[in-house]
Amino acid sequence: MSAQRWDIRDSYTERTDHVITHPNPSAVSLSVRASALVFSDPKSQNLLSLIERIASSNATALIIGETGTGKELIARHIHSLSNRRNGPFQAINCGAFSETLVESELFGYEKGAFTGANTSKVGWFETANGGTLFLDEIGDLPQSTQVKLLRVLQEREVVRVGSRKPIPIDVRLIAATNVNLEEAVKAGRFREDLYYRIKVVPVELLPLRERRGDILPLVEHFLAVYRNKLNTSDHKLAPETTSLLMEYPWPGNIRENWPPKPLRY
């Protein structure tokens, strides 16, 4: 570990400061999972108040927010405050699977249902039974799957691919999107009936630039996290660094790395 001096020169930075480095920074970064709610801005406090009110219900929630705002973190917090907290929390990204695989991933399949199905497989809805299923980027679901998802939510049962036997489930669904689903409905890309089924409780997560009261508490949180992981001393932010952090627009929200352009020692 060493302390390096960088000269950062771009539209946001014109100062020299120490940057903590690590022999394998990517490994350290991957080991730090978003797991702490750092919401200090009044707008964020209002959001947490809403979450506390809705958590105890089984109502389906739709979290709306830009990429990197912490939608899964909010979903996990809802689950942790709910009566299902002792049950499983399963999270998947709907855009991570091809159209041919997404149904078998969500609902499971039976042996011989298709080429390569040598054994039966439990789907994500079944694995989340008794708990919460978080479907991120639900707007990426193909319409054929949207129809089946709507039926699952209505009937509270799934039918595995290759089977005709319904399996009862007890799952709370929390969905998330970074696209405007109303526009997707108008364009014919998303079913209107499914949209209203998942938007029982809308939860709007503002971008970081609109809740600037969270910026410095987040910085202090991550400094503490990396201080513990790297066994460094207590570092303090210079006043000019604080100003730059507050002025920066954070287009990538909390997920964004900063500063964007370290140039040289």
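The values are calculated or read from the model by the stated rules, or taken from the named source; none is laboratory data. This one's a predicted model, so the numbers in the text were calculated from it and none came from an experiment. Neighbour counts run over all protein chains shown; Cβ positions are idealised from the backbone, glycine included. Please note that ligands, DNA and RNA were not included when accessible areas were found on the heavy atoms of the full protein model with its side chains. Shrake-Rupley method; radii C 1.70, N 1.55, O 1.52, S 1.80 Å.
If we sort 167-173, 92-98 on the protection proxy, mean other Cβ atoms within 10 Å, highest first, what's the order?
On the way: 167-173: 17.7, 92-98: 15.0.
Highest mean packing first, the order is 167-173, 92-98.
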Self-check item: Full-extension gain in nm, LEU153 to GLU240, via 0.36 nm per residue minus C-alpha separation
Solution: 26.1 nm
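Starting from segment 51-113, pick out the trypsin sites (Lys or Arg not before Pro) whose DSSP state is loop and whose Cβ has at most 15 other Cβ atoms within 10 Å.
Qualifying residues, ordered by number: ARG85, LYS111.
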Self-check item: Area accessible to solvent at TYR226, 1.4 Å probe radius, in Å²
Solution: 80 Å²
Quiz item: Going down the table (LYS71/LYS229; LYS111/LYS199; LYS121/LYS148; LYS71/LYS236; LYS111/LYS186; LYS71/LYS148), which pairs top 27 Å between alpha carbons?
Solution: LYS111/LYS199; LYS71/LYS236; LYS111/LYS186
Self-check item: Rounded FRET efficiency, nearest 0.05, which uses the C-beta distance separating THR119 from GLN143 and R0 of 30 Å
Solution: 0.55
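Over segment 84-226, what percent of the accessible surface lies on carbon and sulfur atoms, probe 1.4 Å? Present the calculation step by step, with values, prior to reporting the outcome.
Working: 3420 of 7120 Å².
Here it works out to 48 percent.
Might you tell me the accessible area per residue for segment 118-179, computed with a 1.4 Å probe and given in Å²?
Result: 45 Å² per residue.
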Self-check item: √(5λ) per eigenvalue of the Cα gyration tensor, segment 158-243, largest first, Å
Solution: 44, 22, 10
